[in-house]
Amino acid sequence: MIPELGHFALILALLFTLIQATIPLIGVAEGRLDLMVVAKSCAWVQWLLFVIAFACLVYAFVNNDFTVAYVAKHSNSLLPLQYKISAVWGGHEGSILLWALILSSWTVAVAIFSQRLPATMVASVLTVMAWISLGFLLFILFTSNPFERLLPNFPIDGQDLNPLLQDFGLIVHPPILYMGYVGFSVVFAFAIAALLEGRLDSAWARWCRPWTLVAWCFLTLGISLGSWWAYYELGWGGWWFWDPVENASFMPWLAGTALLHSLAATEKRGVFKSWTLLLAISAFSFSLLGTFLVRSGVLTSVHAFANDPERGSFILIFLSLVVGGSLTLFAIRAGQFKSFSQYDLASKEMLLLGNNLLLSVATAVVMLGTLFPLFADIFHWGKISVGPPYFNALFIPLVLGLLFLLGFVPLMRWRQNDLSLLVKQALPSLIASLIIAVLLPWWLAEQLNIWVVLALFMVFWVLSRLVFDLKQKLQHKRHPWQAMLNMTPSYWGMSLAHFGVLVLVVGAALTSVYSIEKDVRLDIGGSVSIADYEFRLIQLKDIQGSNYTAVQADIEVYQQQRFVTKLFPEKRLYSVQKMPMTEAAIDPGLTRDLYISLGEPLDGNSWAVRVYYKPFVRWLWLGGVLMAFGGLIVIRDRRYRFAIKSTKSSQSDGLFAGETS
């Protein structure tokens, strides 16, 4: 009965979504407020129905209802409770339902926080989001129904959740990642509304920016969590492999990052309007593309869920309609969004334009490397694999270029700057940064690597500019500490996010070049040394988990004969799927990780063991957290919380009317 209730809730949600997608549009066309406000009511009802459906699916998992095909495929009576709940989104059908629930939650958020916007604008935005939700509801009901029954022939027990997913990472990673993916639907809807209205100004950018920031923050955290999860769960010691599904989340992040900077220029100077609209469309389009790549079965990846041509065809048609339709509308209307502000080559506008170009090229590089093997297969060019060498060769120089431009941000003013003065201010920092970048790795590692030197050069260059900017703002203040406290959240958030980028780049450069890896054979009592650490295998023991058995190694770690820690890597065998899994053991630190994983048993009591020394690897995820936290601080800025003074003034003046400088 409960699964049928969930299915019925989805059908009702479809009906209310149809109403939300049509009636408010009629209201906008005819100027009828009574029809426009239907959008908000339907958004609330749709969200409530999604909550009911999702709760019904959770109930089926928690109560081991194996008459439901999705539960039987992805759960088991021995599965721990926390994994039964996270298994709801551990497969294709449930993850799509989670996506739709989050989309409805974003829709309700727009309805709540749009009280000061014109009714026509709210109705248009909510209508666009309803059409997106309609596509996902049709996809769920016709190809991916999570409530499908196996009656009367149902299994006594389930097939169990994939052991790779029986981890804390599944609990937090997909919901946070989807919040970022789906969050870009809001700014996409505002972009479509602006194209339909044919007007866009700084007030529009000021309203869109916090929505973009929230989505970007979630996506940043989601990608960071995914990298951390792969690092400790897969047992290979890596944090990014340019896997196609990793790239699927990275492309909207790159487009979203460009969008944030383009919105800043549109808000401050009324420029790059067409760029901003195109990037808003692109960010959400890449989110949908990621859904197609993961859910269609066209990819082979540890992250991919589905392998069903019917589902793939549906998503491809939906993707084509959304992306094709929005780009067609953009092509028709983009000519109306002209910028009249003038600016020189040496200006902050030009700097942001360069930033947009580099990020767009970076996105294109990732997209080409991800999709080219698919097109090669379609056109029978043979099986072609595009791996890390391609991405690293093209992507790293673009990142270095972005960092170089980032260093000029504190020096640049809007409209125009004195180029000779810029060179005079920048040259000492550039020289000092280069000297430090050469001496520091030589002093720490007694070896030089060109990529490490370039990365550190750019990091110290940007860091010096951040310090210079803060010093400039405080040098004429009588009370510097009070002045620091009075600085806007936008300034502190931007600085922290840029500092997070530097932390991430340091971690990526140092751990990629200076990591040490050893594959050895270890007997009980044997040891292996790496860097200045010694790993000693003390004993092996069998352990019994809730739904697996495992061999656990007891390994003591010493540094120059001084005891450091004990590590307990495991080799697990899951009872239902008979699938072996490696559970790595990690001793984390701010400047290094000690990482060990068990391979396969050899003759006697010997085991193949893989040991890693990973310098500064934690800085990768620390940088991601700092970036996301910086974005959240920016959202606290008053001008984003009170962007529109009142509904009355907005309607009389026009949210999109006029040019502001």
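Listed values, structure above:
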{"item": "Members of segment 19-55 that are among the charged types (D, E, K, R) and open to solvent by less than 70 Å² (accessible area, probe 1.4 Å)", "result": "LYS40"}
{"item": "For VAL366: the one exception among (1) open to solvent by 30 Å² or more (accessible area, probe 1.4 Å); (2) part of a helix (DSSP H, G or I); (3) touching a Phe, Trp or Tyr at 6+ places or on another chain (Cβ under 7 Å)", "result": "(1)"}
{"item": "Selection within segment 105-123 - more than 17 Å from ILE176 (Cβ to Cβ) and either at pLDDT 95 or above or not in a loop (DSSP other than H, G, I, E, B) (or both)", "result": "THR107, VAL108, VAL110, ALA111, ILE112, ALA119, THR120, MET121, VAL122, ALA123"}
{"item": "Enumeration of residues in segment 378-420 that are of a type outside the set (A, V, I, L, M, F, W, C) and open to solvent by 40 Å² or more (accessible area, probe 1.4 Å)", "result": "HIS380, LYS383, SER385, PRO389, TYR390, ASN392, PRO397, ARG413, ARG415, GLN416, ASP418, SER420"}
{"item": "Neighbours by Cβ (under 7 Å, 6+ apart or cross-chain): first from segment 371-385, under 15 Å from LEU289 (Cα atoms) and in a helix (DSSP H, G or I); second among the β-branched types (Val, Ile, Thr) and open to solvent by less than 60 Å² (accessible area, probe 1.4 Å)", "result": "PHE372/VAL386"}
{"item": "So ARG311, is it charged (D, E, K, R), modelled with pLDDT of 85 or more and in a helix (DSSP H, G or I)", "result": "no"}
{"item": "Criterion (modelled with pLDDT under 95, assigned to a loop (DSSP other than H, G, I, E, B) and small (Gly, Ala, Ser)) met by exactly one of GLY297, GLY290", "result": "GLY297"}
{"item": "Search result, residues across segment 56-71 that are surrounded by fewer than 22 Cβ atoms within 10 Å (Cβ to Cβ), aliphatic (A, V, I, L, M) and touching a residue at least 40 places away in the same chain (Cβ under 8 Å)", "result": "ALA69"}
{"item": "Qualifying residue in segment 113-123 (condition: touching a Gly at 6+ places or on another chain (Cβ under 9 Å), of a type in the set (A, V, I, L, M, F, W, C) and open to solvent by less than 20 Å² (accessible area, probe 1.4 Å))", "result": "yes"}
{"item": "Candidate set: segment 480-494, residues that are touching a helix residue (DSSP H, G or I) at 6+ places or on another chain (Cβ under 6 Å) and touching a residue at least 12 places away in the same chain (Cβ under 8 Å); chosen: the one most open to solvent (accessible area, probe 1.4 Å)", "result": "TRP492"}
{"item": "Test set (1) at pLDDT 95 or above; (2) assigned to a loop (DSSP other than H, G, I, E, B) - VAL557 fails condition number", "result": "(2)"}
{"item": "Pick from segment 253-285, criterion touching a Pro at 6+ places or on another chain (Cβ under 9 Å) and under 14 Å from LEU359 (Cα atoms), ranking: most open to solvent (accessible area, probe 1.4 Å)", "result": "SER282"}
{"item": "Residue ID - farthest from the chain's Cα centre (by Cα), chosen from residues in segment 499-526 that are in a strand (DSSP E or B) and surrounded by fewer than 21 Cβ atoms within 10 Å (Cβ to Cβ)", "result": "ARG521"}
{"item": "Scope segment 405-422; condition over 19 Å from ALA264 (Cβ atoms) and either at pLDDT 85 or above or assigned to a loop (DSSP other than H, G, I, E, B) (or both); matching residues", "result": "ASP418"}
{"item": "Hits in segment 570-591 - residues which are assigned to a loop (DSSP other than H, G, I, E, B), farther than 20 Å from TYR514 by Cα, in contact with a strand residue (DSSP E or B) (Cβ under 9 Å, 6 or more places away or on another chain) and polar (S, T, N, Q)", "result": "SER575"}
{"item": "Single unsatisfied condition, TYR343 versus (1) more than 21 Å from VAL186 (Cα to Cα); (2) open to solvent by 40 Å² or more (accessible area, probe 1.4 Å); (3) of a type outside the set (Asp, Glu); (4) part of a helix (DSSP H, G or I)", "result": "(4)"}
{"item": "Close pairs (6 angstrom Cβ cut-off, 6 or more residues apart or separate chains): surrounded by 12 or more Cβ atoms within 10 Å (Cβ to Cβ) in segment 421-440, outside any helix (DSSP H, G or I) anywhere", "result": "LEU422/LEU411; GLN425/LEU411"}
{"item": "Boolean, GLU93 is in contact with a strand residue (DSSP E or B) (Cβ under 8 Å, 6 or more places away or on another chain) and on the phi < 0 side of the Ramachandran plot", "result": "no"}
{"item": "Count of segment 568-612 residues which are small (Gly, Ala, Ser), more than 21 Å from ILE524 (Cβ to Cβ) and open to solvent by less than 40 Å² (accessible area, probe 1.4 Å)", "result": "1"}
{"item": "Selection within segment 162-199 - touching a Lys or Arg at 6+ places or on another chain (Cβ under 8 Å) and either closer than 25 Å to CYS56 by Cβ or open to solvent by less than 10 Å² (accessible area, probe 1.4 Å) (or both)", "result": "PRO163, LEU195"}
{"item": "Only listed residue being modelled with pLDDT of 95 or more and either under 17 Å from VAL172 (Cα atoms) or open to solvent by 20 Å² or more (accessible area, probe 1.4 Å) (or both), chosen from PHE241, PHE250", "result": "PHE250"}
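The values are calculated or read from the model by the stated rules, or taken from the named source; none is laboratory data. Note that this is a predicted model, so its numbers are computed, not measured. Every residue, glycine as well, gets a Cβ built from its backbone with ideal geometry; the counts of neighbours run over all protein chains shown. Each accessible area value is taken on the protein alone, full model and side chains, heavy atoms only, with ligands, DNA and RNA left out. Shrake-Rupley method; radii C 1.70, N 1.55, O 1.52, S 1.80 Å.
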